[in-house]
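Peer 1: Structure provided below as C-alpha cells; questions to follow.
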Amino acid sequence: MNYSKSIAVILILFFMVSCEDVINVDLNTAPPRLVVEASINWDKETDGNQQFIKLTTTTAYFSDTIPTVSGATVFITNSANVVFDFVENNTPGIYECSNFLPVLNETYILTIIYDGETYNATDKLLATPSINRIEQKDDGGILGEDIEVKIFYDDIVDETNFYLLQIDDPYKAIPQYGVDEDRFFQNNELFGLYFSEDLKPGDQLTFTLNSITQNSYNYLNILLSQAGSSNGGPFSTPTATVRGNVVNQTNFNNFALGYFRLSERVRVTYTIE
C-alpha cells in the first residue's frame, strides 16, 4: 500500500513537470530614448577637474545588454560661457573631462548633441556640510535585533536645503539611497539613519552626503518612492516614466531619461564595532 502511494505521488509530480509550457510574451518595444547619467560630484579638498558623463539608450525589456551611445557631442557651460568639453574615452558611452572647474553656487548648463538633436539641462552646484560624527547601536531596527548606524551633520544656516544620502553596504549589490529636506529642522543638526541585520563587527559602511537642488530632490523623491525600499533602490523598474531635467530642444516629445546634477560631495567610511 505504501509503495502504491509513492508511485502515485511520483506519477503526479511527473505529469506536473511535463505539462509546463514556455510562454513567450510578445511585448511592444518603443523606439530607443537617450539615457543620461550626469552626476558631477566635487569631493571636498580635491580640484574636481576629473569628471565623466555616461550615455546609453533604452532597450527591450528582456534584453541582456544596455546599448551605449557613441559619437555624441557633450559639453558643460558655466555662467561666464566657459566651455568644458567631455570627450568619449576608450569605453563606449563614457565621456570624460579633465579640466572641469567646480565653483560653489555656480550654475551650469549641460549640452548633448546626439542623432541630430540637441538636449539641454541646467543645475546649480551647492555646498555640502561636513559629517560631524557617527553613532552605532546594536539593538536597532523594529525588533531591536539590528545594528543601527546614524550619521550627524549640521544643516546649512538660513537656507532651504535638500540632501541626498548614499550608503554603500557590503551585503547590498547596489548602494542604498535616501533624500531629505530641512523643512522642520532648519539650522539644526540633522541625521541619516541606516540599520541592517547582516552587519557584523569589522564590516565597513561608506556614507556619501550631497546637497542637491529642490528640483533634484523632487525627481529623486519620486524615483525612490516608485522603486520602493524592497525593490533594490532607484534602478528598479518604475511604475511610470519619471522625466528628469534633460530637455530635447529639437523635438520636445522625444525626451531623454536621466538627470543632470552637480554637488559638493562628502564621504565617510565607518567600521562596525
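Readers should treat all values here as calculations from the given coordinates under stated rules, not as data from a laboratory. In this text, all values refer to a predicted model and were calculated from it rather than measured experimentally. Cβ sites come from the backbone with ideal geometry, for glycine too, and all protein chains shown count toward neighbours.
Peer 1: Any idea what % of Cα-Cα pairs in the range 131-232 are farther than 20 Å?
Peer 2: For the range 131-232, the share of Cα pairs beyond 20 Å comes to 43 percent.
Peer 1: While we're looking at this one, here's another question. Please compute the length gained on full extension between THR59 and LEU143, using 0.36 nm multiplied by the number of residues separating them and subtracting their Cα-Cα distance.
Peer 2: 26.0 nm
Peer 1: Please tell me the relative contact order of the range 66-173 in percent, rounded to the nearest whole number, where contacts are Cα pairs under 8 Å and at least six residues apart.
Peer 2: 17 percent
Peer 1: Next question. Sorted by mean Cβ packing within 10 Å, highest first, what order do the peptides 79-89, 252-262 take?
Peer 2: Order by mean packing, descending: 252-262, 79-89.
Peer 1: Under 5 Å between amide H atoms, partner at least 5 residues away or on a different chain: which partners does GLY93 have, H built in plane at 1.01 Å?
Peer 2: VAL69
Peer 1: Kindly put ILE142, ILE109 in sequence by how many other C-beta atoms sit within 10 Å of each C-beta, fewest to most.
Peer 2: Starting with the residue having the fewest Cβ neighbours, the order is ILE142, ILE109.
Peer 1: Apply the Karplus curve 6.51 cos²θ - 1.76 cosθ + 1.60, θ = phi - 60°, to the phi angles in the range 74-88 and return the couplings in whole Hz, x for Gly and Pro.
Peer 2: Listing the rounded values in order: 10, 7, 10, 10, 9, 5, 8, 6, 7, 9, 10, 7, 10, 10, 5 Hz.
Peer 1: Moving on to the next point. Given H placed 1.01 Å from N in the peptide plane, which residues other than close sequence neighbours of ASN161 have an amide H under 5 Å from its amide H?
Peer 2: Distant-sequence amide H within range of ASN161: ASP182.
Peer 1: Return ILE113, ILE151 ranked ascending by Cβ neighbour count within 10 Å, so the fewest neighbours appear first.
Peer 2: Exposure proxy ranking, most exposed first: ILE113, ILE151.
Peer 1: Per residue of the range 140-156, in order, report the coupling 6.51 cos²θ - 1.76 cosθ + 1.60 (Karplus, θ = phi - 60°) as ³J(HN,Hα) in whole Hz, putting x for Gly and Pro.
Peer 2: For the range 140-156, the Karplus-derived couplings read x, x, 5, 9, x, 10, 9, 7, 10, 10, 10, 10, 10, 8, 8, 5, 5 Hz, x marking Gly and Pro.
Peer 1: Here's another thing I want to ask about it. Set the bar at 25 Å for Cα to Cα. Now go through LYS44/LYS150; LYS150/LYS172; LYS44/LYS137; LYS124/LYS150; LYS172/LYS200 and name every pair that lies beyond it.
Peer 2: LYS44/LYS137; LYS124/LYS150
Peer 1: Fewest to most neighbouring Cβ within 10 Å: what's the order for GLU145, GLU45, GLU106?
Peer 2: GLU45, GLU145, GLU106
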